[in-house]
Amino acid sequence: MVKQGIYYLKEKLSHLAYRSTTPAVPRNNDLYIVEYPKSGITWLTSILANCCLVESGTNIRTTYYNLEQIIGDIHINRDIADNLIYPYYRLIKSHSTYNPFYRHVIYLIRNPYSVMKSYYHYISNHDGYDGDLNKFVKSRKFGIDCWVRHVNSWTHPKKEMKFHLVRYEDLHDDAFSTMKTLFNNIGLNISDDTIRSSIDYCSFENMRSSDKLYRENSPSRNYDFVREGKAEADLDDALKSLIKSRASDLIEQFYPDI
């Protein structure tokens, strides 16, 4: 009885530790799309959502305004609604580090040079961060050490899960093959025409136009969420060297050519 009580106490404490990034009512078939912030998740989820919308025969298409209505964001609301479109299980976006209650995961990774520059611009515009990029990269709250912990937590998890890794650079260079491989692996029957039309709809130019339309009609928004979309950011050699020294193992594993 004592051992059983200790077991249930540990389980309860474990649930509490991950409560903020777990749906109020988690389900075994929930599919989580996870990234370190500014790794390209808006683009990936837009393509994924549009493929599901087309396969469902609906006239709805994603915009910057409505994407969270189609793919739930765990950081906005833990009460994730049922998914009424194909594949009919919930698609949930998350920036969480490793969470043992995420059973099915698509993890989006982007090279740390681009992530640091993009995240720096976002935090500076959105949250009023007033340091320079060099200070940001060294920051305990946002910088390269945080990226390393995040990526390591998912690529070297404490417990096995159903996991599919997507590199942003592969999506950038060959979106069709990257999405086709993803759908084949997770078992979604999406036609080639649907994949191609969704990629075209979610082109960088269209994503920027959607973001611009939202900004023009939202008085509180004064920055561009969709910026450059480059495969690799332009950084000076000293900053690249700093990032590489802090993330050498992961760069060697996932980005040996940068």
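The values are calculated or read from the model by the stated rules, or taken from the named source; none is laboratory data. Nothing here was measured: the structure is a model prediction, and the numbers come from that model. Heads up, the Cβs are rebuilt from the backbone with ideal geometry, glycines too, and the neighbour counts pull from every protein chain shown. For the accessible areas, the whole protein counts, side chains as well, though only heavy atoms, and no ligand, DNA or RNA atoms are used. Shrake-Rupley method; radii C 1.70, N 1.55, O 1.52, S 1.80 Å.
Quick look at the numbers
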{"read-out": "Test set (1) in a loop (DSSP other than H, G, I, E, B); (2) modelled with pLDDT of 95 or more - TYR64 fails condition number", "value": "(2)"}
{"read-out": "Set ASN125, ASN152, ASN134: member being modelled with pLDDT under 90, out of contact with any Ser or Thr (no Cβ under 7 Å at 6 or more places or on another chain) and not charged (D, E, K, R)", "value": "ASN125"}
{"read-out": "Residue selected from the stretch 210-225 under the condition more than 21 Å from the chain's Cα centre (by Cα) and either without any contact (Cβ under 8 Å) to a residue 12 or more places away in the chain or assigned to a loop (DSSP other than H, G, I, E, B) (or both), by the criterion nearest to TYR64 (Cα to Cα)", "value": "ARG215"}
{"read-out": "Residue satisfying all of: in the stretch 67-98; in contact (Cβ under 8 Å) with a residue 60 or more places away in the chain and not in a loop (DSSP other than H, G, I, E, B); most open to solvent (accessible area, probe 1.4 Å) among these", "value": "LYS93"}
{"read-out": "Residue ID - most open to solvent (accessible area, probe 1.4 Å), chosen from residues in the stretch 155-190 that are aliphatic (A, V, I, L, M) and not in a helix (DSSP H, G or I)", "value": "LEU165"}
{"read-out": "Residue in the stretch 50-62 that is under 18 Å from TYR122 (Cβ atoms), out of contact with any His (no Cβ under 7 Å at 6 or more places or on another chain) and not acidic (Asp, Glu) present", "value": "no"}
